[in-house]
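The values are calculated or read from the model by the stated rules, or taken from the named source; none is laboratory data. On a predicted model such as this, the values are computed, not experimentally measured, just so you know. Cβ: placed from backbone, ideal geometry, glycine included. Neighbour counts: every protein chain shown.
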Amino acid sequence: MVALVVPQAAINLAKRFEGFHRVPRNDSTRAYPYICPAGFWTIGYGHLCDQGHSPISVDEGENYLTQDLMIALKATLLYCPVLATEPEERLAAIVDFTFNLGAGRLQASTLRRRINQRDWCQARNEIRRWIYGGGKVLPGLVARRKAEANLLADQANSWPT
């Protein structure tokens, strides 16, 4: 049995777009629970938590991120098995998407259908539609979806972003 490994590009995307939020900012060593733009209690690198979660260190945030990305990787491969044989960048893009929005969103999406059809042009279009949080377009999600879409590109037939 082959061990599952989260692609480094997925880790990089999650860290880049989630950041390790130190709230309150006057404590440079720990992160506290905060409400993300979509309205969920979160801590560290986008780990869902309850409001009363105790503060965490960067190392604890890294551990949560590793666990959360492994869950996202397993769900991604369950719903999009074609990604097991595609370039790692494509897998990374959808692992980040799944980490950010949840496996249920991937499972029920047109994006999933396009991926499993290996229709990368339409998959890029679909992923760019997921830019709303709390009913509003969020600039951070626009940038994140653009980065993910770039990883989905068919290098032989890519088009400008």
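Tell me, which residue of the stretch 88-114 that is surrounded by 16 or more Cβ atoms within 10 Å (Cβ to Cβ) and without any contact (Cβ under 8 Å) to a residue 24 or more places away in the chain is farthest from Leu141 (Cα to Cα)?
Arg114
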message: Anything in the stretch 45-54 that is crowded, with 16+ Cβ neighbours inside 10 Å and either aliphatic (A, V, I, L, M) or more than 14 Å from the chain's Cα centre (by Cα) (or both)? List them, or say none.
response: Cys49, His53
Count - residues of the stretch 19-30 that are under 20 Å from the mean Cα position of the chain (by Cα) and not in a loop (DSSP other than H, G, I, E, B): 1
statement: Exception for Thr66 within (1) in contact (Cβ under 8 Å) with a residue 60 or more places away in the chain; (2) over 29 Å from Gly39 (Cβ atoms); (3) surrounded by fewer than 17 Cβ atoms within 10 Å (Cβ to Cβ); (4) not acidic (Asp, Glu) falls at (2)
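How about the stretch 32-55: which of its residues are among the aromatic types (Phe, Trp, Tyr) and not in a loop (DSSP other than H, G, I, E, B)? Give the derivation first.
Just the residues of the stretch 32-55 that are among the aromatic types (Phe, Trp, Tyr), to begin with: 32, 34, 40-41, 45.
Residues satisfying the conditions are Tyr34, Trp41.
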- request: Can you work out which of the residues in the stretch 9-44 that are charged (D, E, K, R) and surrounded by 15 or more Cβ atoms within 10 Å (Cβ to Cβ) is farthest from Lys136 (Cα to Cα)?
  value: Arg30
- prompt: Take the residues of the stretch 116-161 that are more than 21 Å from Gly46 (Cα to Cα), modelled with pLDDT of 95 or more and among the charged types (D, E, K, R): which is surrounded by the most Cβ atoms within 10 Å (Cβ to Cβ)?
  reply: Arg124
statement: Residues of the stretch 56-86 being among the hydroxyl-bearing types (Ser, Thr, Tyr) and part of a helix (DSSP H, G or I), in sequence order, are Tyr64, Thr66, Thr76, Tyr79, Thr85
